[in-house]
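Since the structure comes first, as structure tokens, the remarks are kept for the end.
The values are calculated or read from the model by the stated rules, or taken from the named source; none is laboratory data. Worth saying up front: this structure is predicted, and the values here are computed from it rather than measured. Methodologically, a virtual Cβ is constructed for each residue, glycine included, from the backbone with ideal geometry; neighbour enumeration extends over all protein chains shown. With ligands, DNA and RNA removed, areas are computed over all heavy atoms of the protein, side chains included. Shrake-Rupley method; radii C 1.70, N 1.55, O 1.52, S 1.80 Å.
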Amino acid sequence: MERGLQKANHYNQLAEWAQRVEACRKSGQKVSEWCSEQGIAVSTYYSWQRKVYQTVTAEPEVCFTEISGRPAGRGMVASIENGALRIEIHAGADAETVRAIIQALKEC
């Protein structure tokens with residue numbers, strides 16, 4: 001659970017940094033002027049920019065989790081696709097299996 005919270009906090013921080021970098025770029029000001037008005041050190045701004053850029057250009061993290069549950073029934077009730085990731089939940093899947101899938105997604 002702690003790992004999931006740390007990841008969530010990290011991504012929230014990255015999102016905040018990305019918003020600030022975007023605000024600076026859209027302001028039309030020089031970075032030094034914008035940072036001065038915001039009370040932010042220029043080195044801090046460039047650190048945010050570097051971390052955001054590295055995250056955007058990084059290879060996606062691959063996460064594999066084995067989940068066992070009651071065998072699924074015949075019909076599929078949900079299919080989630082995102083790029084190469086595909087998750088199917090079939091009729092008859094028990095609630096614990098669905099919870100395990102959601103938890104695994106949160107940790108990826």
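Within the bounds of region 44-65, is there any residue that is open to solvent by 60 Å² or more (accessible area, probe 1.4 Å), modelled with pLDDT under 75 and of a type in the set (Phe, Trp, Tyr)? Yes, the conditions are met somewhere in region 44-65. Counting just the residues of region 2-21 that are open to solvent by 90 Å² or more (accessible area, probe 1.4 Å) and touching a helix residue (DSSP H, G or I) at 6+ places or on another chain (Cβ under 9 Å), which one comes out farthest from ALA100 (Cα to Cα)? Among residues in region 2-21 that are open to solvent by 90 Å² or more (accessible area, probe 1.4 Å) and touching a helix residue (DSSP H, G or I) at 6+ places or on another chain (Cβ under 9 Å), the one farthest from ALA100 (Cα to Cα) is TYR11. Contact map, region 1-29: first residue over 17 Å from TRP48 (Cα atoms), second residue modelled with pLDDT under 90, Cβ cut-off under 6 Å, separation 6 or more or different chains; pairs are GLY4/LYS106; GLY4/GLU107. Quick one: is SER36 over 30 Å from ILE102 (Cβ atoms), part of a helix (DSSP H, G or I) and open to solvent by 50 Å² or more (accessible area, probe 1.4 Å)? Spelling it out, SER36 is indeed over 30 Å from ILE102 (Cβ atoms), part of a helix (DSSP H, G or I) and open to solvent by 50 Å² or more (accessible area, probe 1.4 Å). Counting the residues of region 66-108 that are at pLDDT 65 or above, in a loop (DSSP other than H, G, I, E, B) and surrounded by 11 or more Cβ atoms within 10 Å (Cβ to Cβ) gives 4. Scanning region 9-20 for residues that are within 24 Å of the chain's Cα centre (by Cα), at pLDDT below 90 and part of a loop (DSSP other than H, G, I, E, B) turns up nothing.
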